[in-house]
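Just below is one structure, and these are the notes that go with it.
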Amino acid sequence: MIQISQRSYSTDTTQQLIDTGIAPLLARIYAARGICNVTQLDTGLQYLLPFTQLKNAKKMACLLADAIATQRKLLIVADYDADGATACAVGLRGLRILGAQVDFIVPNRFKFGYGLTPEIVRLAAQSTPDILITVDNGIASVEGVAEANRLGMQVLVTDHHLPGDALPDALCIVNPNQPGCDFPSKNLAGVGVMFYVLLALRAELRTRGAFAEQAEPNLGKLLDLVALGTVADVVKLDENNRILVQQGLQRIRAMRACCGINALLQVASKNYAQVSSYELGFVVGPRLNAAGRLEDMSLGIACLISDDVTEAAKIAAQLDTLNHTRRAIEADMQQAALATLEHITPTDSCSLALFDETWHQGVIGILASRLKDRYHRPVIAFARSLNGEIKGSGRSIHALHLRDALDLVSKRHPHLIQKFGGHAMAAGLSLREEHFDEFKVAFETVVHSLLSPADLTKIIETDGLLAPSEFTLGIARSLEQQVWGQGFPQPFFEGEFTVKNQRVVGEKHLKLKLSLSPSSATYDAIHFSCVDSMPTNIRAVFNLAINEYNGNVNLQLIVRHWQKTDI
C-alpha cells in the first residue's frame with residue numbers, strides 16, 4: 001500500500017525566509033527540510049567546516065608532508081564504486097600537485113572482495129610502496145593492516161564507514177565516524193574525507209614554506225570529483241555536503257570539470273550548463289560504477305585522472321557500453337526475481353532475501369535497490385562467489401538500520417555470516433551457500449522484531465499543491481539549479497488532474513497531456529517505465545522539469561505516482 005503525505009513545515013519559518021528575499025515556494029520547501037535561517041543555504045567555500053575539527057587530519061597531514069619531503073612511495077588502495085573511484089582520483093591528483101610520488105591499486109571485486117584484505121596487501125607489496133593510503137575503505141580492515149605492518153608497509157586509513165568492534169592498527173586513521181571524532185558532519189563521503197586530508201596537507205606544507213617560491217595549488221579544482229562521489233554514494237546532503245556539491249556543480253556548469261566528467265556527460269548527451277545533482281547521481285555515477293560492477297574500476301579511475309580529451313572520450317565510450325550491458329543484465333535479473341516472487345507473497349514477510357546461482361555479483365546491489373523500492377522492505381540479493389561462498393548486497397528502508405540488523409543476526413547465529421559491513425541503508429555480506437536458507441529465516445526474524453506494520457507502508461512525501469501560476473519554466477529552472485539528494489530530497493508536488501491525452505512513446509513510457517480542470521491550461525507530462533493506461537481523473541505526484549527537444553524548451557511534469565480519483 002502507498003500513502004501520499006504532505007511534508008509539514010512551519011509557517012512562521014517560511015515567512016522569515018520570505019522576508020529575507022527567498023521566493024515563497026522555495027521558502028516553503030526549505031522550511032519543510034529543516035532550514036530555519038538563510039545562512040544554512042550559504043554554499044561559499046568559506047562556510048565549509050574546518051579540517052581542524054576532523055580527528056587526525058592534521059596528524060595525517062604531517063605524516064604525508066614528511067613522506068613528500070623524503071620522497072617515499074605512496075600507493076592508494078581504492079574501492080570499486082563511484083565514491084572510491086572519485087576518492088582515488090582526488091587523492092592522486094591532489095597528492096601529485098602537492099609533490100608526492102603516488103600511484104594506485106583498486107581490487108577487482110570478484111577476485112579480492114572489498115577493502116584492504118591481506119590478499120590485496122600482498123599484491124600491493126609487489127610495487128614496493130612505503131605507505132598504503134586507503135580511500136573509502138580500511139576502517140574494518142584489521143587483518144589487512146596487520147599484513148601490511150608485517151610486510152613493512154605503513155597504512156594511512158581514510159574512510160567514512162562505521163567502524164567495527166576493533167579498529168585496525170594503522171599508523172593514522174581519518175574517519176568522521178571513528179570513536180572520539182567530533183567533526184559535526186558525520187555524512188562525509190569517502191571522497192570528502194580525502195579532500196579534507198588534502199586541505200590539511202596543503203596547510204601543513206604552507207607552514208613548512210613549501211609555497212614560498214611557487215604558487216599555492218588550488219584544491220578547488222578537485223571539487224567536481226568531490227561532488228560526483230558525494231552524490232553517487234547517496235550520503236546525506238547536510239549543510240557541509242551541500243557546499244561541496246554546489247561548488248562542484250558550479251565548476252562543471254562552467255566547463256571547468258576534469259576531462260573525464262566532461263566526457264561522461266558528453267557520451268550521455270547532457271548539457272554541461274544545466275547539470276544538476278540528478279545527472280551526477282543517475283547519469284555519470286552509473287556509467288562510472290559500471291566499470292566496478294562488470295570489469296575493473298581501474299578503467300573508471302583512468303577516465304577521471306586523464307587530462308587528455310581524446311583519451312577520456314575513448315574511455316567514457318567504453319564505460320557507456322559497459323553501462324548498457326549492466327542495464328541488460330539487471331533487467332534479466334529483475335525479471336527472474338519477480339518470477340520467483342510470483343510464487344510467494346512479499347507482503348507476508350518483513351524482508352526479502354533472494355539467491356540465484358545465475359545472478360551477476362556486480363549487479364545484485366542494484367537489484368536489491370529495485371526490489372526494495374517496489375516492495376518497501378529490506379532486501380538482500382545474493383550471487384554465487386568462489387569456494388562455496390555466496391555474496392549478498394542489501395538495501396534497506398529508512399525504518400531499519402541494515403548494518404545493525406546484520407550485526408544482530410551475527411551475534412545470535414555466529415556461524416552464519418562470514419563477514420559483513422556497511423551502514424544504515426546499504427550493506428554487504430558473505431556466507432556459505434548451504435547456510436542461505438537458515439540466514440533467510442534468521443534475517444526475517446531480526447527484521448520482524450525491529451519493524452512495525454506502519455514501517456512497511458510506503459509513504460510518498462510531497463511539498464503539497466502548486467498554484468496554477470507556479471507551473472512555469474522559471475520555477476522549474478530554479479528548482480533544478482538547487483542541490484537535492486539524500487536527506488535533502490527533491491521537491492515532489494501533488495495535484496488532481498484530468499488526463500486529456502495519453503500515448504506510449506519509446507515502447508515503455510507514457511506521454512501525457514494533463515490539466516488541473518477540464519477547462520484549464522494543459523501541461524505536458526511523462527510517466528517513465530509505465531505503459532498502463534490511466535483513467536480520466538487522477539491524483540498524481542510529480543516534479544517540474546524542463547524538456548528540451550529539437551531546439552524547443554517546454555515545461556514538463558514528471559509523474560512519479562498516480563492514483564485514481566473518485567470524481
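Taken together, the values in this text are just the output of simple stated rules run on the coordinates, not laboratory data. Since we're looking at a predicted model, the values are computed, not measured. Neighbour counts are summed over all protein chains in view; Cβ atoms, including those assigned to glycine, are modelled from backbone coordinates with ideal geometry.
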For segment 542-548, in residue order, the Karplus 3J(HN,Hα) values (coefficients 6.51, -1.76, 1.60; θ = phi - 60°; whole Hz; Gly and Pro = x) are 8, 10, 7, 9, 10, 10, 10
Estimate the FRET efficiency between V441 and I4 by the formula 1/(1 + (r/R0)^6), using the beta-carbon distance for r and 35 Å for R0, to the nearest 0.05.
-> 0.50
Restricting segment 498-529 to trypsin sites (Lys or Arg not before Pro) in coil, as DSSP defines it, with at most 16 other Cβ within 10 Å = K508
Towards the positive end of the charge dipole of the chain, with charges on Cβ (+1 Lys, Arg; -1 Asp, Glu), say which of F382, V275, S349 has the farthest Cα.
-> V275
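When only Cα pairs under 8 Å and 6 or more residues apart are kept, what is the percent relative contact order across segment 344-456?
Details: 211 pairs, mean separation 29.0, N = 113.
Result for segment 344-456 is 26 percent.
Can you sort D348, D332, D233, D159 so the residue with the fewest Cβ neighbours within 10 Å comes first?
D348, D332, D233, D159
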List the relative contact order of the chain as a percent without decimals, with contacts defined as Cα pairs under 8 Å and 6+ residues apart.
-> 11
Antiparallel bridges, percent of DSSP beta bridges restricted to the chain (to nearest 5) | 65
Would you mind checking which residues have amide H under 5 Å from Q418's amide H? H placed 1.01 Å from N; only 5 or more apart, or other chain.
-> S430, L431, R432
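Ranked by Cβ crowding within 10 angstrom, fewest neighbours first, how are L167, L92 ordered?
Numbers: L167 18, L92 22.
Listed from fewest to most nearby Cβ atoms, that is L167, L92.
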Counting only residues 5 or more apart in sequence or on a different chain, those whose built amide H sits under 5 Å from that of W359 are R384
List the GluC sites (Glu not before Pro) within segment 156-245 that fall in a DSSP loop (any state other than H, G, I, E or B) and whose Cβ has at most 16 other Cβ atoms within 10 Å.
-> E213
Using Cα positions and a limit of under 26 Å, work out the lysines in reach of K314, with same-chain residues fewer than 8 apart set aside.
-> K221, K270
Starting from the exponent 0.38 and prefactor 2.2 Å, build the expected Rg for segment 282-323 from its residue count and divide its actual Cα Rg by it.
-> 1.01
Among GluC sites (Glu not before Pro) in segment 319-411, those in a DSSP loop whose Cβ has at most 11 other Cβ atoms within 10 Å are E342, E357
Amide H partners (placed H, <5 Å) of L466, local residues excluded = E494
Whole-Hz Karplus ³J(HN,Hα) for segment 153-168, in order, using 6.51 cos²θ - 1.76 cosθ + 1.60 and θ = phi - 60°, x for Gly and Pro?
-> 9, 8, 10, 10, 9, 10, 7, 9, 6, 5, x, x, 5, 10, 8, x
Given K411/K440; K372/K411; K372/K458; K458/K513, which pairs have Cα atoms separated by over 18 Å?
-> K372/K411; K458/K513
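Run the helix sum for the chain: -39,500 (n - 2.57) per DSSP H stretch of 4+ residues, divided by residue count, reported at 222 nm to the nearest 500 deg cm²/dmol. Can you show the working numbers first?
On the way: 17 runs with 212 residues, N = 567.
It comes out at -11500 deg cm²/dmol, rounded to the nearest 500.
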How do D79, D307 rank when sorted from fewest to most other Cβ atoms within 10 Å of their own Cβ?
-> D307, D79
Against the rule of thumb 2.2 N^0.38 Å, how large the Cα Rg of the chain comes out = 0.99
With the Cα gyration tensor of segment 51-318 giving a ≥ b ≥ c as the square roots of its eigenvalues, does the rule (a/c under 1.5 for rounded; else a/b larger than b/c for prolate; else oblate) give rounded, prolate or oblate?
-> rounded
One finds the C-alpha centres of segment 491-567 and segment 28-55 to be spaced, in Å, by 35
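Answer rounded, prolate or oblate for segment 143-211, using the Cα gyration tensor with square roots of eigenvalues a ≥ b ≥ c: rounded when a/c is under 1.5, else prolate when a/b is larger than b/c, else oblate.
oblate
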